[in-house]
């Protein structure tokens, strides 16, 4: 497998995001993006290689550490691990504990990780009184992987109550357009509807004998982080580019699924290595090149908190290498402006959204910061 020099540098720093990317400017972005809101980053905790966060019961925020531990952030700070699978995963390449989610009733907790063989795995635990019940653990889905990079690994419950799972293309670059594999896709399953799960009957490819029923969207390279807008229910995906372009993809809450975001024929709006744009290609709502220090887009959330009114409704995101926190102003799926929020989160590997809609920035070097009004 050929690995790009720049990706190798990232692996040497984190051994995780060997295929991510963001710069300070996009083709349609003003040369000097205006500041959208006056914000500051308030450090609230330090973790060991924090990798993902999610809103938990009782107003808490749960933090996953890449080596395999989960800890709870509350008013008292970051507590001791409430889950430890460090003996079941490895941080080689882009592996590890990569994502986690609660269902919409906080009745079940899910983790997304790679096991010791490198298989991408989603496990479920029952939750009672806000506590994980280890004896209830079961594997919901497992996907073998050809290489150690491009895992994706983010998981979220959608407003429809179904579990969405993002898988990268496996590192082989060619799986995005192949509907006979789960790699390079966003999946949609019902973990409560069967053993190990059920397929929602309105998934877009359930009647296609040549496609996997689990697929919701395809044409993705490494959809490292995605989210649902808590206000509109729209889906936004930060998909890491190969060598030149980073992209943010969008789907309306009214979507019936089946979007083709173009990889590996397209990288953003651009044909990749002589590729042909698919007739059903859904172009990104935002892209940016790597002329600056960016290397990998870190998708975030549409801000729906109350602390920063001037930021409400804007999509907050960053870049793993460049670290500046930015925001997209959007209207009906169209970007109307790009803003620099004037703060830098370091090596931003993920965002977390609290139950109150406030946002947290996770720096892989350890810092967990809340975005506060300045």
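The values are calculated or read from the model by the stated rules, or taken from the named source; none is laboratory data. Everything quoted here is computed from the prediction, not taken from an experiment. Every residue, glycine as well, gets a Cβ built from its backbone with ideal geometry; the counts of neighbours run over all protein chains shown.
Here are the numbers:
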item: Residue in the stretch 109-133 that is nearest to residue 183 (Cα to Cα), counting only those that are assigned to a strand (DSSP E or B) and over 20 Å from the mean Cα position of the chain (by Cα); result: 125
item: Restricting the stretch 93-108 to residues that are in contact with a strand residue (DSSP E or B) (Cβ under 7 Å, 6 or more places away or on another chain) and assigned to a loop (DSSP other than H, G, I, E, B), the residue that is nearest to residue 56 (Cα to Cα); result: 106
item: Strands (runs of 3 or more DSSP E) completely within the stretch 256-347 that count 2 or more residues being closer than 19 Å to residue 41 by Cβ and modelled with pLDDT of 95 or more; result: 297-302, 315-319, 324-331, 334-344
item: Unique residue being touching a helix residue (DSSP H, G or I) at 6+ places or on another chain (Cβ under 9 Å), within 14 Å of residue 149 (Cα to Cα) and at pLDDT below 55 when the list is 19, 8; result: 19
item: Every residue from the stretch 180-196 that is surrounded by fewer than 19 Cβ atoms within 10 Å (Cβ to Cβ) and touching a strand residue (DSSP E or B) at 6+ places or on another chain (Cβ under 7 Å); result: 190, 196
